[in-house]
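Undergrad: Below: one structure in structure tokens.
The values are calculated or read from the model by the stated rules, or taken from the named source; none is laboratory data. The structure presented is a predicted model; accordingly, all values stated were derived computationally and were not measured. Every residue, glycine among them, receives a Cβ derived from its backbone with ideal geometry; neighbour counts consider all protein chains shown. Side chains included, ligands, DNA and RNA excluded: accessible areas come from the protein's heavy atoms. Shrake-Rupley method; radii C 1.70, N 1.55, O 1.52, S 1.80 Å.
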Amino acid sequence: METVSPKAEKILEELLKSNIKSEIGIVCGKNEVLQKGAENLKQNYKAEHLTIYGYVDFIYELINISDVVLTKCGASTIMEILNLKKVPVVNDYIWEQEQGMLITFSKKKLGIYEPKIKRLPQIIKNLLEDEKLYSYFKENIIGENIKMA
């Protein structure tokens, strides 16, 4: 699962090239160029396991049905992901605005920060296939006892 990121189309293509067998969802928001690009990739890679969303008002539900959420480091998104006890993989952040969240997130081992797009498919495969690795992050998240009102 991924929320809109400046590099979303490149990331999606890398995921599709890697032959990840899990369901993949991408939320394009109001970005029609990204949505069209995602639709082209779905067709080119015959990716029946890819669901493309435009603007939605049910991000919470999409996060809730995900195991791993690939996103940028927006504070509210990260907090929603952690509140739902899901493992975030962060690829991007806005330097001054989101750097503090990234530092905290990384220091407490609440997920993975990987800026290199080519490495993301293997990281996601590892999280989905290695129960011990996934549990490590999940236990750290649970240990933080994050609750949102």
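Undergrad: Cβ contacts < 7 Å: first residue within 14 Å of LEU16 (Cβ to Cβ) and modelled with pLDDT of 95 or more, restricted to region 29-41; second residue among the β-branched types (Val, Ile, Thr) and surrounded by 17 or more Cβ atoms within 10 Å (Cβ to Cβ), any location; separation 6+ or different chain. Result?
TA: Hits for this filter: ALA38/ILE26; ALA38/ILE52; GLU39/ILE52.
Residues are listed down the side, and each one gets a yes or a no for (1) open to solvent by 90 Å² or more (accessible area, probe 1.4 Å); (2) within 17 Å of ILE123 (Cα to Cα); (3) under 14 Å from the mean Cα position of the chain (by Cα):
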| residue | (1), (2), (3) |
| --- | --- |
| GLU9 | no, no, yes |
| LEU15 | no, yes, yes |
| SER18 | no, yes, no |
| LYS42 | no, no, no |
| LYS46 | yes, no, no |
| SER66 | no, yes, yes |
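Undergrad: Moving on. How many of the residues in region 85-98 are in contact (Cβ under 8 Å) with a residue 12 or more places away in the chain and of a type in the set (S, T, N, Q)?
TA: Count: 1.
Undergrad: Additional query: Can you pull out the helices (runs of 4 or more DSSP H) entirely within region 30-149 that have at least 2 residues that are among the hydroxyl-bearing types (Ser, Thr, Tyr)?
TA: Ranges flagged: 75-83, 95-107, 131-143.
Undergrad: Can you tell me which residue among LEU120, LEU128 is over 16 Å from ASN91 (Cα atoms), touching a residue at least 40 places away in the same chain (Cβ under 8 Å), open to solvent by less than 100 Å² (accessible area, probe 1.4 Å) and within 13 Å of the chain's Cα centre (by Cα)?
TA: LEU128
Undergrad: Now for a different question. Given the condition out of contact with any His (no Cβ under 9 Å at 6 or more places or on another chain), of a type outside the set (D, E, K, R) and farther than 21 Å from LYS10 by Cβ, answer yes or no: does some residue in region 119-134 qualify?
TA: yes
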